[in-house]
């Protein structure tokens, strides 16, 4: 079995493994945002060569708070109790940052979604992340 990205990063930079429970939900959302963005960008690039501006526009439409809210609602019924708990912690976290192009509610739901993605990434559950993202994108028709 191939080593996970997080394990490779830890090994390469001699980073200690940290107890996931010590991370704040906003820290999990921070890394989750990057992982989700990377998945979306990878998927779009692998669909075929395209102008960078078009790739950026499509990626932006899929990573914005309203799209993440739609995905979360589409997959909510297949989340485990643990995933739902992390989502709720992220959603309810008090953030200094405010939404630029989304309602406060959409922004908070997106933060919860990103926290859940971050949690799954930090616990080396990439297959689960990919499954949830694919299910969410499929159920919402966001890829059309």
Query raised in the report: Which of the residues spanning the stretch 83-111 are under 11 Å from the mean Cα position of the chain (by Cα) and without any contact (Cβ under 8 Å) to a residue 60 or more places away in the chain?
Result: 87, 110
Report summary line: Checked the stretch 90-122 for anything assigned to a loop (DSSP other than H, G, I, E, B) and either within 18 Å of residue 73 (Cβ to Cβ) or at pLDDT 95 or above (or both); matches are 99, 102, 103
Query raised in the report: Somewhere in the stretch 69-77, is a residue assigned to a helix (DSSP H, G or I), out of contact with any strand residue (DSSP E or B) (no Cβ under 7 Å at 6 or more places or on another chain), without any contact (Cβ under 8 Å) to a residue 40 or more places away in the chain and under 28 Å from residue 10 (Cα atoms)?
Result: no
Report task. Would you tally the residues in the stretch 96-110 being under 15 Å from residue 70 (Cβ atoms) and surrounded by 15 or more Cβ atoms within 10 Å (Cβ to Cβ)? Result -> 6
Query raised in the report: Which numbered condition trips up residue 26, out of (1) surrounded by 18 or more Cβ atoms within 10 Å (Cβ to Cβ); (2) touching a helix residue (DSSP H, G or I) at 6+ places or on another chain (Cβ under 6 Å); (3) in a helix (DSSP H, G or I)?
Result: (2)
Report task. Consider only pairs whose beta carbons are under 7 Å apart and that are at least six residues apart or on different chains; among these, list those whose first residue lies in the stretch 18-33 and is at negative phi and modelled with pLDDT under 95 and whose second residue is crowded, with 18+ Cβ neighbours inside 10 Å and in a helix (DSSP H, G or I). Result -> 20/119; 20/122
Query raised in the report: Got a sec? Which of 85, 48, 90 is surrounded by fewer than 16 Cβ atoms within 10 Å (Cβ to Cβ) and more than 17 Å from residue 143 (Cα to Cα)?
Result: 85
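The values are calculated or read from the model by the stated rules, or taken from the named source; none is laboratory data. Owing to the predicted nature of the structure, the values given are computational and were not obtained by experimental measurement. In this analysis, Cβ positions are derived from the backbone assuming ideal geometry, glycine residues included, and neighbour counts consider all displayed protein chains.
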